[in-house]
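What follows is a set of notes on a single structure, which appears directly below.
Every number here is computed from the coordinates shown, using simple stated rules; none is lab data. All values derive from a computational prediction rather than experimental measurement. With ideal geometry, Cβ positions are generated from the backbone for all residues, glycine too; neighbour counts draw on all protein chains shown.
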């Protein structure tokens, strides 16, 4: 909030250094003075393996706690797809002490919470007044110490998740993305959506939840980030008291399945009676987040897809008016090799073939000509601004620290993430685009509008 | 514990020293400095150096209330076009200028206003002012951009009909306010957008984008005297005069016991809202309203969500809310699979009736107060742009920032008698409904709630013909 410039930022912005000094940038571009982003957090690793990161920020008398667990739909297998996400729901109603009253007790103490599950991680978020820290830690202790499920709760929550599943299936884009994903992978668990397949959702058993918890919810598999109006030493002591006795668990068997290289284009054609406009998703296999090449894909996304000044929106939405909207990019932070997609929603009377051809031509042009230096500078500036915007809220800082710790080799690497993007050159972009965005490596999913055969008014002119 | 909590929150920033200028003792929204430019534009500066960012919000009275009948969506198209180039920059040059420095610029229409917004790094504040001044004083409003934006808007509305939850607000506003100016949808409809011409948009720009209609709030990391001088340089010579904005029309109650059923034959779930006019945030009972609605439908463990979601598993979400931009229209909303629509709707209604009759318990009252105290800062006033948005909305409604700055004290002072009087006497009892779902399955269910009128989700417009 206001009066105090927080200690965090005051320190963070203390030492000006030239922008992008690792960049092989245009030597004629004046080097802007840029203060590096340093978040002066502290860390402790408890004896049971839980890593705790604390960043004091007294701008508001509140605390944001983000706990990142290295478990997601990637840790599932056929038959129990979606169980990681279902489990996330059950974490709010399974603790021995607070099982039935977790949310009620937290809200009565002025706190609120949420959680999300991705392919790779499950993140639990608590936002509360600083006075509630002891209670919130006790609640985390409770649900990290073992769960007991009331079958009636399991049944009710299953219906909640099923409603969530159906809500997504009202959206033709989600339906298309699900089918695109399923066609893109043949082996790796990234092939199913985080929400899971319908019949798996309908058939989970309570023992599936219990086994999933035993295998994955270990303190040595988590990072807890606490940002807000707290004293680090006192907070570490409180966390140690609350969570230190939770036993470490044996290391899980790693997810060893690798997606075999794709050896030719795959195509999926769908018709959804709900779809008012045609859509196309183009996707290519790309590297994992931890790969040195990942920043090049971050830059490619910015060049091609992000903002009105980027290449595809400018050409396809603005100039040629083939598309209503363009989206996609890299698919979130992932431990294993991932996908890069280009999602096109067409104007009602345009042909999917035309949109697809134009998108591919624009990508091919980037491989041949590369980006201009001004485009690269735009990407650098935009990326840095995005990080700074995330520092405006204690919750933004907590999530940034947790994400950087989990996917980028340690929470201290926030500035390094900015620098790595700044270091990407035009040649890097050309090389990676040429290598990745090939026909053999491509999966295309198409949604024709309307109910197919009827032709219903605004079906794509290319519909057969 | 609860009183200790209160102390902590209200004492919050007292510990803070004046690292940023012009900020007094702890207030959720500080005074900032306020002045009018030579051209008559009202300006509020709220310096805060926590993060090296600056947020700009420039709001004009006007908006879709001033759209001509049959041309609804005019103000919305104006807003779209304002980000399509201004001054000497056409659309490519404009978006490149913004994105090159990692900034963002937007414009949005509402029923009674058009708001320009810009968020930039502190070093780029002057560019932000230049772009905003161009948008307000020298918009391009070019024919090619107009044709494209209008076609995109029409296709966008068509695509929104794929998802019942995204069109619910259109049907709800049209139905609850039918016969009044408030019923006009900001976004227009496919038909009315097709009737809008570029001349209509230019006329809207001439009449609405004028300094005597404007409030300008700047919040974030800047030096106030330099910002003031820069604003005077960019906006001080702006002489455009406008007609006075349309007076705020009354927000009447809807007739009781009416149901709009929107047929979505392919929808698997049924979406519903019910409610009626209550009162807005300027009312002395606002704090009690806030406490009451938190308990009934304003948080995860609210009675609605606890029953419909957590206990019965009927839905992914259920809640209740007030629309303060439209007189404080109250509504309950949820959705469920169509086979369970009757259970979900009748349970929600029964919960609401019980709430009206019995009000809150003492325990719920205390829990609600603690929740509001604990959540208000991060949700409403943590960042400079949150405070800018809030202050702008207050000022625009002719309200003082005291409304926010005294809110937590007022919440704490709410007694069980107060809150239950407000529930009993001021939450609406005469309810109307909008339901979107497969009509043949839902029709027999919704007829118990009143007289049913039907339309189809693919029919043009947002209500019965």
The range B:256-353 shape via C-alpha gyration tensor axes, a/c threshold 1.5: oblate
Pair-distance profile P(r), taking every C-alpha pair of the protein assembly as shown, with 20 angstrom steps and integer %: 13, 45, 39, 3
Most to least packed among A:343-350, A:221-228, B:27-34 [average Cβ atoms within 10 Å]: A:221-228, A:343-350, B:27-34
C-alpha center-to-center spacing [the range B:395-428, the range A:380-450] in angstrom: 44
Cα gyration tensor category, rounded, prolate or oblate, for the range B:127-182 with a/c compared to 1.5: prolate
Helix-only [θ]222 nm of the protein assembly as shown, DSSP H runs n ≥ 4, -39500 (n - 2.57) each, per residue, nearest 500: -12000 deg cm²/dmol
Alpha-carbon centroid distance for the pair the range A:281-359 / the range A:156-222, whole angstrom: 25
Whole-number percent relative contact order across chain A, with pairs defined as alpha carbons under 8 Å at least 6 apart: 21
Area projected by the alpha carbon convex hull of chain A, averaged over all directions, nm²: 23.5
Antiparallel %, DSSP beta bridges [both residues in the protein assembly as shown], to 5: 75
Mean separation of Cα contacts under 8 Å, 6 or more apart, over the residue count of the range B:258-456: relative contact order %: 44
Rel. contact order, % - alpha carbon contacts under 8 angstrom, at least six apart, chain B: 22
Inter-part distance where the range B:303-381 and the range B:210-282 are each reduced to a Cα centre, Å: 25
Rounded if a/c under 1.5, otherwise prolate or oblate - chain B, Cα gyration tensor axes: oblate
The range B:258-456 - Kirkwood radius from inverse mean 1/r over Cα pairs (Å): 17.9
D (Stokes-Einstein, µm²/s), Kirkwood Cα radius, the range A:258-374, 0.692 mPa s at 37 °C: 215
